[in-house]
Amino acid sequence: MRGLFNSRAKHDYLSDALTLLTGWIREGEQIRRTLVMDDTQHAALTERVKVVADALRLRPEISRRAEETQIRVGHGDGEPLTEGEVLLAARIEDAYRAVTAS
């Protein structure tokens, strides 16, 4: 059973999970997503992301330019992506759908 959790299996698992996150682009050891939304939606998304990121003890980079919000997840310092970072990206997708649905 231990063989299921070796580093190769973990890498494959994360790669598979990333393919399910439409719109996320992998850049080395980070992933990023650009979202089109207004200022009110951006504020609501940022608050929701903060709650999840705090619970996971992660710090995504969120920036705003014109009508776009850009989010980066990952360390960017040579550390590989973790399960928590991929989970955070999935939760960001959920939050995005929630704030743009209304």
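Here are the numbers for this structure:
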quantity: Unique residue being polar (S, T, N, Q), open to solvent by 80 Å² or more (accessible area, probe 1.4 Å) and touching a helix residue (DSSP H, G or I) at 6+ places or on another chain (Cβ under 9 Å) when the list is THR40, THR82, THR100, THR69; calculated: THR40
quantity: Some residue of region 11-21 being at pLDDT below 95, in contact with a Lys or Arg (Cβ under 8 Å, 6 or more places away or on another chain), closer than 28 Å to ALA101 by Cβ and part of a strand (DSSP E or B); calculated: no
quantity: Boolean, ARG91 is touching a helix residue (DSSP H, G or I) at 6+ places or on another chain (Cβ under 7 Å), touching a residue at least 40 places away in the same chain (Cβ under 8 Å) and not hydrophobic (A, V, I, L, M, F, W, C); calculated: yes
quantity: One residue from GLY28, GLY3, GLY74 being touching a strand residue (DSSP E or B) at 6+ places or on another chain (Cβ under 7 Å) and either at pLDDT below 95 or open to solvent by 50 Å² or more (accessible area, probe 1.4 Å) (or both); calculated: GLY74
quantity: Out of GLU47, GLU83, GLU67, sole residue that is on the phi < 0 side of the Ramachandran plot, charged (D, E, K, R) and in contact with an Asp or Glu (Cβ under 9 Å, 6 or more places away or on another chain); calculated: GLU67
quantity: Unique match (being closer than 15 Å to ARG91 by Cα, without any contact (Cβ under 8 Å) to a residue 60 or more places away in the chain and in contact with a Ser or Thr (Cβ under 8 Å, 6 or more places away or on another chain)) among LEU58, LEU45; calculated: LEU45
quantity: Close pairs from region 75-86: first closer than 16 Å to ASP16 by Cβ, partner at pLDDT below 90 and assigned to a loop (DSSP other than H, G, I, E, B), Cβ under 7 Å, at least 6 apart; calculated: PRO80/GLU29; LEU81/GLU29
quantity: Residue in region 43-61 that is farther than 17 Å from GLU83 by Cα, open to solvent by 60 Å² or more (accessible area, probe 1.4 Å), modelled with pLDDT of 95 or more and assigned to a strand (DSSP E or B) present; calculated: yes
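The values are calculated or read from the model by the stated rules, or taken from the named source; none is laboratory data. Keep in mind it's a predicted model, so treat the numbers as computed, not measured. Cβ atoms come from the backbone with ideal geometry, glycine included; neighbour counts cover every protein chain shown. Note: areas computed on protein heavy atoms with side chains; ligands, DNA, RNA excluded. Shrake-Rupley method; radii C 1.70, N 1.55, O 1.52, S 1.80 Å.
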